[in-house]
Amino acid sequence: MSRSPSIPDRPHRDIDSDLPDDERLEALRGHYEDLVDVNDQLSEQLDDAEDRRERLREKVDRVERENETLKSSSLYIATVEDVLPDEQVIVKQHGNNQEVLTDVSSRIVDRIEPGDRVAVNDSFAIQTVLDTETDARAQSMEITEKPAVTYADIGGIDEQVREVREAVEQPLTEPEIFNEVGIDPPSGVLLYGPPGTGKTMLAKAVANETDATFIKMAGSELVRKFIGEGSRLVRDLFEMARERQPAIIFIDEIDAIATRRTESKTSGDAEVQRTMMQLLSEMDGFEARGEIRIIAATNRFDMLDRAILRPGRFDRLIEVPEPDRDGREQILSIHTRGMNIADGVDFAALADDTDGYSGADIESLATEAGMFAIRNDRDEVAHQDFADALEKIEEDDSSDVVSSAGYFYQ
Ligand SMILES: Nc1ncnc2c1ncn2[C@@H]1O[C@H](COP(=O)(O)OP(=O)(O)OP(=O)(O)O)[C@@H](O)[C@H]1O
């Protein structure tokens, strides 16, 4: 290693104040030149030091990268299940679900809590607590161990409930039937229809019924929020499902990533295209009789790229329409179940008066009626409250009577 150059001495000159002016000036000039000289030497040394610092920094970066590569090539991901005394923890390795009791260094132990994702080496020693990058991406998904929605909460679409149970629930609960008959269940189910008609509820209710983890991702998030990350997020989505199976993957607004190809070839389109290709390749490599089911939803069926509807992909289409009159009455009674409803509230008449309302609109109507009762200092909701609520909703939405008006789905 080269030795550091020595720092030049500070120039020093005694200048006698009794000297004649011209000699003093000459002496001062000499002193000034000494100073400039030292300054030049110091600048040179500083430049050298900067160079050396830069080279060292590059070396550190290289070593860090090599270290990262070494670590990433040999580490496995696990979840901490329990932290025990004496710096021991139980971890469950992802993928094979193997549970292991392992030591953890005191450097890390204080930072670990049950539920943390960690990286372990071949001998299961915890190397790092995973930082939040993957978790941040996981946050773009909604993960629910057991959604609270049940089939009994869904009104007016009994036929769709039956179809979803057959296409999604049965392959999970009775896979042997498909084996015996020798057919593959549908790979993916596509629910299409106007907004607020219960598509998300259907997906959640199947997850509830089958004790599956519900993992929801919105297509719009895949392309808007994480530009450049869409295909990675799709991989994460399926990875998450594999870790938590049985699982229901629900991709809402699938049209955002599976629109018909347009002529324009902007980079945004290319990104959307890549995200969709990733989704298709995940689905193609999928065990149809496995423990993961995929449901997608759209209210823009007309815009969908037909490539996603081929066999082995979203090959079961279920239309979820706006509720008819009886459906609206059923949904009204579901959403008023927990309300203090006065005698004389005529649900049949309200169902007649809500033509074109979606399930979500009917839910808002019930809430709004409750607000009218509160405003009028009553704890019982009367028929008039519903009538007032209806009027208010019609007024608020006079240009767009119900939220579902103007959708396109076929
Ligand atoms: N068929 C239904 N029965 C009971 N409630 C319903 C029904 N449809 C919608 N709702 C109510 O509307 C809310 C929104 O429904 P949901 O999210 O399932 O609609 P969606 O079809 O997925 O809509 P979007 O296409 O806008 O995502 C539900 O939380 C529920 O309260």
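What helices (runs of 4 or more DSSP H), lying completely within the range 147-214, carry at least 2 residues that are buried (at least 22 other Cβ atoms within 10 Å of the Cβ) and within 10 Å of the ligand (Cβ to nearest atom)?
By residue number, 199-210.
Within the range 353-370, can you find the residues that are surrounded by 23 or more Cβ atoms within 10 Å (Cβ to Cβ), over 18 Å from P321 (Cα atoms) and within 10 Å of the ligand (Cβ to nearest atom)?
A366
Condition test on L350, is it within 13 Å of the ligand (Cβ to nearest atom), farther than 24 Å from E166 by Cα and open to solvent by less than 50 Å² (accessible area, probe 1.4 Å)?
no
Mind checking which residues of the range 352-373 are in a helix (DSSP H, G or I) and farther than 17 Å from I334 by Cα?
Selection gives D353, M371, F372, A373.
Could you check how many residues of the range 287-320 are of a type outside the set (K, R), near the ligand (Cβ under 10 Å from one of its atoms) and open to solvent by 10 Å² or more (accessible area, probe 1.4 Å)?
1
Take the residues in the range 327-347 that are more than 12 Å from the ligand (Cβ to nearest atom) and either on the phi > 0 side of the Ramachandran plot or part of a helix (DSSP H, G or I) (or both); name whichever of them is surrounded by the most Cβ atoms within 10 Å (Cβ to Cβ).
Only one residue tops the list, namely F347.
Being among the polar types (S, T, N, Q) and at pLDDT 85 or above narrows it down to one residue among T259, T173; which is it?
From the options T259, T173, the qualifying one is T173.
Please work out if A389 is touching an Asp or Glu at 6+ places or on another chain (Cβ under 7 Å) and within 16 Å of the ligand (Cβ to nearest atom).
So A389 passes the test.
The values are calculated or read from the model by the stated rules, or taken from the named source; none is laboratory data. Since this is a predicted model, take the numbers as computed values, not measurements. Quick reminder, even Gly has a Cβ in these numbers, built from the backbone with ideal geometry, and neighbours come from all protein chains shown. Please note that ligands, DNA and RNA were not included when accessible areas were found on the heavy atoms of the full protein model with its side chains. Shrake-Rupley method; radii C 1.70, N 1.55, O 1.52, S 1.80 Å.
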